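The values are calculated or read from the model by the stated rules, or taken from the named source; none is laboratory data. Only a predicted model underlies this, so the values are computations on that prediction, with no experimental measurement involved. As a convention, Cβ positions derive from the backbone with ideal geometry for all residues, glycine included, and neighbour counts pool all protein chains shown.
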Amino acid sequence: MSTVILKTKLSSGPAPVHPLREFWSYFSANRGAVMGLVVVVTVLLVALFAPWLAPHSPNITDSTVFLQPPAWQVGGSWSYPLGTDAIGRDILSRLMYGARLSLVIGLAVVAISVVVGTVLGLLAGFFRGVFEIAIMRLMDIILTLPSLLLAIVIVAILGPGLMNAMLAVAIVVLPHYVRITRAAVIAETSRDYVTAARMSGAGRMRLMFSEILPNCAAPLIVQASLGVSTAILDAAALGFLGLGAQPPSPEWGTMLADAREFVLRAWWVVTFPGLAILITVLAFNLLGDGLRDAFDPKLKR
């Protein structure tokens, strides 16, 4: 009897690893990705609790503290830890509130691009033919144009503003999601589970959205995490050119534009918004690399 039990235990093998635990083991092996996740979560928390964390209102001016240096420099004060700008607004408070705008822009742009790009990619990869050629040639035309230049042209047509800047950036990054979805759909439609679902009487909508789409989610998630950084950077560039968020909005690109003429006189008004953009974009890129390593079976170690 004991021999039978021992054979049964040996044949059963070790218990399967939970998918979330397996994902975290691959993701946490990339230290850069973990650091990126920590920074992203920190920025999200700062943006969420900005009204309670910020020492001052982002748009209140004080004529007695124009271009006050950071607290650790001569003439600085801990009432304004990172100093003030040219009209006496607290830079730290504006950075905290600016995180809200930058993250909203990035997440909204990615949401629009993912939804529209996924639908177009599904249709192009599933129906093929003339419809696929028309969609992909349009995406190729968008990709041939420099992204920032195309965004500037779109905003110039629609008019400057935060919503128009978000729409322009969404159009610029749209081809990446269309191409990724189409390639994944073409690869998945030839698999056995799709053939079995088709033979069982599944309609086109069920095949596209219930059978194929869930198996295309991994590359889309990776591209979306990388796309947030691209959206934040492009939106900051439009804000710097005066085509994105308009003053007095505490958007990081707009803060850089307002501080251009004070670069030599007050280094802090340019340095801290630039560092905020750099650190946030780098964190999302590191996070995207970690997700790619965790989702792609070819890269799993």
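Report whether or not Thr195 is more than 14 Å from the chain's Cα centre (by Cα) and modelled with pLDDT of 85 or more. Judged against the criteria, Thr195 is not a match. Within the set Thr254, Thr271, the sole residue that is part of a helix (DSSP H, G or I) and touching a helix residue (DSSP H, G or I) at 6+ places or on another chain (Cβ under 6 Å) turns out to be Thr254.
Residues that are within 24 Å of the chain's Cα centre (by Cα) and buried (at least 24 other Cβ atoms within 10 Å of the Cβ) within segment 111-138 comprise Ser113, Gly117, Gly121, listed in sequence order. Within the option set Leu287, Leu241, being more than 25 Å from Thr61 (Cβ to Cβ) and either of a type outside the set (Asp, Glu) or at pLDDT 90 or above (or both) holds for one residue only, Leu287.
Given the residues Gly227, Gly290, Gly274, Gly253, which is the only one that is closer than 24 Å to Val173 by Cα, touching a His at 6+ places or on another chain (Cβ under 9 Å) and not aliphatic (A, V, I, L, M)? Within the list Gly227, Gly290, Gly274, Gly253, the selection yields Gly227. Against the conditions (1) crowded, with 20+ Cβ neighbours inside 10 Å; (2) of a type outside the set (D, E, K, R); (3) touching a helix residue (DSSP H, G or I) at 6+ places or on another chain (Cβ under 8 Å), Pro81 satisfies every one except (1). For segment 147-183, which residues satisfy the criterion of being charged (D, E, K, R) and surrounded by 23 or more Cβ atoms within 10 Å (Cβ to Cβ)? Correct list: Arg182 only. Listed conditions (1) out of contact with any Pro (no Cβ under 7 Å at 6 or more places or on another chain); (2) touching a residue at least 24 places away in the same chain (Cβ under 8 Å) are all met by Trp252, apart from (1). Quick check on Leu243: is it assigned to a helix (DSSP H, G or I) and either surrounded by 15 or more Cβ atoms within 10 Å (Cβ to Cβ) or without any contact (Cβ under 8 Å) to a residue 40 or more places away in the chain (or both)? Spelling it out, it is not the case that Leu243 is assigned to a helix (DSSP H, G or I) and either surrounded by 15 or more Cβ atoms within 10 Å (Cβ to Cβ) or without any contact (Cβ under 8 Å) to a residue 40 or more places away in the chain (or both).
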